[in-house]
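Structure first, then comments.
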Protein chains: 2
Amino acid sequence: MLENLTSAQLKKFTLKELLALCEEAREIIISTVMKNGGHLSSNLGMVELTVALHYVFDFPKDKLVFDVGHQCYTHKLLSGRVSEFVTLRQKNGLSGFPKRSESEYDSYNTGHAGTSVSAALGLAKARDIKGSDSNIIAVIGDGSFNNGLVYEAFNSMRLLGTNILLILNDNGMSITPTVGSMHEYLEILSSDMAHNAKKDRHARIFERFGFSYDGVYDGNNLESMISKLTEIKNRLHHESVILHVLTKKGKGYSFCEDDPEATHGISAGASNIKEYSNILGNTLVRLAETNKNIVAVTAAMTPSLGLSEFFEKFPERAVDVGICEEHATILCASMAAEGLKPYYAVYSTFLQRSFDEILIDICSQNLPVTLCIDRAGISGADGETHQGVFDLSFLSLIPNLTVAVPKDIDEFEKMLEFSENFNSPLAIRYPREGKASFGNTEDIVCGKWQTLIKCNGKYLILACGERALTIAYEAGERLKTSNIAVSIVNARFVKPLDATLLNGIAEKYIITIEDNMLIGGFGSLIDQYFCGSDKVIKNFAYSDSFITHGGVSELMKELNVSSEAVSDYILKNENR
Amino acid sequence: MLENLTSAQLKKFTLKELLALCEEAREIIISTVMKNGGHLSSNLGMVELTVALHYVFDFPKDKLVFDVGHQCYTHKLLSGRVSEFVTLRQKNGLSGFPKRSESEYDSYNTGHAGTSVSAALGLAKARDIKGSDSNIIAVIGDGSFNNGLVYEAFNSMRLLGTNILLILNDNGMSITPTVGSMHEYLEILSSDMAHNAKKDRHARIFERFGFSYDGVYDGNNLESMISKLTEIKNRLHHESVILHVLTKKGKGYSFCEDDPEATHGISAGASNIKEYSNILGNTLVRLAETNKNIVAVTAAMTPSLGLSEFFEKFPERAVDVGICEEHATILCASMAAEGLKPYYAVYSTFLQRSFDEILIDICSQNLPVTLCIDRAGISGADGETHQGVFDLSFLSLIPNLTVAVPKDIDEFEKMLEFSENFNSPLAIRYPREGKASFGNTEDIVCGKWQTLIKCNGKYLILACGERALTIAYEAGERLKTSNIAVSIVNARFVKPLDATLLNGIAEKYIITIEDNMLIGGFGSLIDQYFCGSDKVIKNFAYSDSFITHGGVSELMKELNVSSEAVSDYILKNENR
């Protein structure tokens, strides 16, 4: 039924047909995600609500904003993208997130939590200014509801004098179970489904901000969603409404319903490579056994960061604050100010949200917080909003901050040991998966690099991090067949640079490789260092544009950060 | 009485003596601020409350965190810094903000709004982990209370299971009158001072987050503050308390009480130089008369950004969202997504808070938002947390963003005219005060620089922005006496660079000057551009450390971004 379905046809469907449509969507989502990877349980929970939205509202004239955006699969299926859906999250295929450039049905791109209410208010304000009459709807999960941006948007609701529908899709989870007082409050509202007088009293928080509160309803009940949305649609002319619905994460697929946490994100293909997160967890647990000052802070993704055991063993020294990245950063800074040794573990893309707090709270006070930055470099299938390719650039510009990049998992462990007694701000960035060891593991000294291969040739590669080092080794192997000798250095600190090593370089050609943007990254620091010298520097890094979704190595190849690109450069240089 | 006053002595004072102390503090604050500049009305409002805090609590064992931190003057006077107070905000003198390195009484450095609750929670959590028994107190104004960080901290209050005292210092103002629903809510609480039953009902929002609410009291009544704080001190063993007090901004100085907005910040010395903000306001008003798509967004500082007239003339196209910088950024992005032309005016230092939203919401969607970045470069007397010296670095690493720097006020106007039809993200950064014109004003073409002085010598200066150009001209004049010819280029775009001009440079020596950090800034882009060429590049920019408070030009000189430094470099080079 979904194939070639138009909005006009959908609106004529009977309830029975709509329910069949839901099942079809569910099947497509399950089969595609099991093959391509993606967000499974959250999308399964959203099927009926999305069908109801498309039945009641008129997209793309009406505008729909998904908070974070990972739950938009049914919306994609209902807006003319069924046949392309097999390409979900694949290079040149459909994005796993809303994307304006992909469809006029995608009103606003999202990726990070808590932005949808602000975005919906902006769309609504623009509608008012232009004098049009579209409806603006945002869908937000209870996990995102913790983020401070939501509060900032709420605070200006009345001020903006515009009306939106905010659907609070409450499944009790973000990636992990939702935490915090707002979540407890939502639970109170949910438990009062039958007691309307009491509920009205409880709902005052939302009314205070200018919303009429309406809830709680079963978001997986298609019929009730259709009638409720139809009713609300008429109210949107004169008021903003918050519709609180409960949905079941993983709905309709028992495997997911039973374990929504494990099935929030599914990776494509088998993976028996090691994960850096395991080392973070194991090492911090080991260090924390004897060092009572060690504390760990996360923002809603403790297990995927490898810290579940730490949280179990040291609950009094572990805090998951929910999706509140800025608050997490300041908590670390202030605990460090009182002599503790905080570790803030976070994905690279989400660290961007704490830029000001890293700069002001941590670094301008020179406090010994360690940032453990996972999913750094190209993260792959989630696309533009999730690539961790900016961190070396936005971190190295901050005074007092030391920036380290381990060459492999063994070295990451050494860096964590090093961090324990390092008394200044420290950032360690690493990809998700990695190689156990390139060998040559040694204790870490701040700013000291490691020469891994020393030749007496013309070429030296400064490789920053595991992916870069893999490329360097592969390029070196390939060049051996042409009798070209290449020295390789493990440039494990981006800041400070190893001036002693740099000053002693005999090779004329210096090649930098990194899994980061060219502008402001490791290579640019080397360019600056050697500016005016007679060295010839070549940087392999990502050029100045956003990196779409795709496989990690296929994207790196396309972006010319690959062993082929490096060996080609050297061969061409030889033959010039 | 303040001179050499110890905490032990203060605690023995009678009420009459304490009141006399307040008057003495007030006099010192007024006389110092009128001479040195600084935050006047907010500090005058805080005198009694601060004296009461020092009377009741035991600093530095107990910890006091000031939100933003500009209201800490009485605290400085009461913690052994009376004799140094004459040096307030002067180079090597007392900071106008809390500073851990200055005194053990300053528990946590602040500067940007909304961080105090998170910081207090971190200090409290650290206290619990260490098993000590200090009291943790945060003082926050109602303006900061709009910021999303406060909500994030509230959300994790129960989760952290720790107790703090949060004093809500409600004067109805931030720099401008406070806006938004939270402010309206505080007004409701304030208006109910006498009606306790009703108040209890209203106060549920705070209780929901784990605070016992206590208010509203007169924060300028010393006696009542002392008895209230004494009572609360005992309750902090078993609960967190939010104490809501009303204070009068500018209290005790009629000049301030009458116009607290104008006396929030006082500048030292006379100023008849032009301000860029006037041009922003006048030009946007002019453009908006005919272009109905232009909207302006600010975060709580409309007048100092020059936009008062715009807000009066086009209220339906102007939004001040309060101190919610991230929300403001997304509002602009989403309005642009619907075809409007938004201008977000903000100080450079506060733009740091929107790094993620500039990157994701504006630039990854390539939306035509114009960032008007005031107080860029060294801002002077407010110190580390307020210098606008990072923006060229953190902006130029973002794809799709064009970064422009006007050479003078006339060119700023041209850039605003250029922005009207520029259909991509654009940042324009400028200092507070400036020169009307260096002459040679011409229409702006994206990425095109302007040669101002063309010589056939060895030296060429690429000057980025007005302060850099002033240095370039001064150095050029000085070098004329040595018969050294220097070409000068107005490098008005940091991104994209003018490749045509760069490729045509005949001079061997290229000198870059900018009012920004060296790492990641304009100079580093030039270094990267010429890496491997035979040009000799010299960068004048700020080296990698935080810049303390002081006068703009004295700081620039000390940091070797000055005409003397430039001409010395060239002279030395000649004589080598």
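Residue-level analysis places B:SER101 among those that are at pLDDT 95 or above, surrounded by fewer than 21 Cβ atoms within 10 Å (Cβ to Cβ) and facing chain A (nearest Cβ under 10 Å).
Take A:ILE428 and decide whether it is at pLDDT 95 or above, part of a strand (DSSP E or B) and in the same structural domain as A:VAL369 (by TED's automatic domain parsing). Against the criterion (at pLDDT 95 or above, part of a strand (DSSP E or B) and in the same structural domain as A:VAL369 (by TED's automatic domain parsing)), A:ILE428 qualifies. Note on the stretch B:485-576: enclosed strands (runs of 3 or more DSSP E) holding 2 or more residues that are within 14 Å of chain A (Cβ to nearest Cβ) are B:493-495, B:509-517, B:536-542.
Take B:LEU94 and tell me if it is buried (at least 18 other Cβ atoms within 10 Å of the Cβ), assigned by TED's automatic domain parsing to the domain that holds B:LYS248 and not in a strand (DSSP E or B). Taking the combined requirement at face value, the residue satisfies it.
For the stretch B:134-160, the tally of residues that are in a loop (DSSP other than H, G, I, E, B) and within 21 Å of the chain's Cα centre (by Cα) stands at 3.
The single condition among (1) outside the structural domain of B:TYR344 (by TED's automatic domain parsing); (2) within 24 Å of B:LEU340 (Cα to Cα); (3) under 28 Å from the mean Cα position of the chain (by Cα) that B:VAL403 does not meet is (1). Taking the condition of a type in the set (Ser, Thr, Tyr), over 21 Å from B:ILE323 (Cα atoms), outside the structural domain of B:TYR347 (by TED's automatic domain parsing) and modelled with pLDDT of 95 or more, does B:SER134 pass? It is true that B:SER134 is of a type in the set (Ser, Thr, Tyr), over 21 Å from B:ILE323 (Cα atoms), outside the structural domain of B:TYR347 (by TED's automatic domain parsing) and modelled with pLDDT of 95 or more.
Candidates are the residues of the stretch B:400-437 that are crowded, with 21+ Cβ neighbours inside 10 Å and either among the small types (Gly, Ala, Ser) or farther than 19 Å from B:LEU284 by Cβ (or both); the one that is farthest from the other protein chains (Cβ to nearest Cβ) is B:GLY434.
This table checks each residue for (1) within 22 Å of B:PRO399 (Cα to Cα); (2) crowded, with 18+ Cβ neighbours inside 10 Å; (3) more than 30 Å from the chain's Cα centre (by Cα).
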| site | (1), (2), (3) |
| --- | --- |
| B:ASP498 | yes, yes, yes |
| B:LYS508 | no, no, yes |
| B:SER524 | yes, yes, no |
| B:SER533 | no, no, yes |
| B:ASN539 | no, yes, no |
| B:TYR542 | no, yes, no |
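Residue check: A:ILE358 meets all listed conditions (1) crowded, with 24+ Cβ neighbours inside 10 Å; (2) in contact with a Gly (Cβ under 7 Å, 6 or more places away or on another chain); (3) more than 9 Å from chain B (Cβ to nearest Cβ) but one, namely (2). B:ARG26 passes every criterion in (1) surrounded by fewer than 21 Cβ atoms within 10 Å (Cβ to Cβ); (2) under 13 Å from A:SER334 (Cβ atoms) apart from (2). Exactly one residue out of B:GLU325, B:GLU338 is more than 28 Å from B:THR385 (Cβ to Cβ), in contact with a strand residue (DSSP E or B) (Cβ under 9 Å, 6 or more places away or on another chain), surrounded by 21 or more Cβ atoms within 10 Å (Cβ to Cβ) and of a type outside the set (A, V, I, L, M, F, W, C): that is B:GLU338. For the stretch A:470-481, the count of residues that are within 27 Å of B:VAL536 (Cα to Cα), buried (at least 23 other Cβ atoms within 10 Å of the Cβ) and more than 14 Å from every other protein chain (Cβ to nearest Cβ) is zero. Residues of the stretch B:112-133 that are in contact (Cβ under 8 Å) with a residue 12 or more places away in the chain, more than 7 Å from every other protein chain (Cβ to nearest Cβ) and not in a helix (DSSP H, G or I): B:ALA113, B:GLY114. When the test is whether a residue is away from chain B (no Cβ under 11 Å) and either at pLDDT 95 or above or surrounded by 24 or more Cβ atoms within 10 Å (Cβ to Cβ) (or both), A:ILE140 passes it.
The rows are residues; the columns are (1) within 14 Å of chain B (Cβ to nearest Cβ); (2) surrounded by fewer than 21 Cβ atoms within 10 Å (Cβ to Cβ); (3) closer than 21 Å to A:CYS332 by Cβ.
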| position | (1), (2), (3) |
| --- | --- |
| A:GLU257 | no, yes, no |
| A:ALA262 | no, yes, no |
| A:ASN278 | no, yes, no |
| A:GLU289 | no, yes, yes |
| A:ILE294 | yes, no, yes |
| A:LEU305 | no, no, yes |
| A:SER308 | no, yes, yes |
| A:PHE311 | yes, yes, yes |
| A:PRO315 | yes, yes, yes |
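The values are calculated or read from the model by the stated rules, or taken from the named source; none is laboratory data. The shown structure was predicted, so the numbers you read here are calculated from the model rather than taken from an experiment. Neighbour counts run over all protein chains shown; Cβ positions are idealised from the backbone, glycine included.
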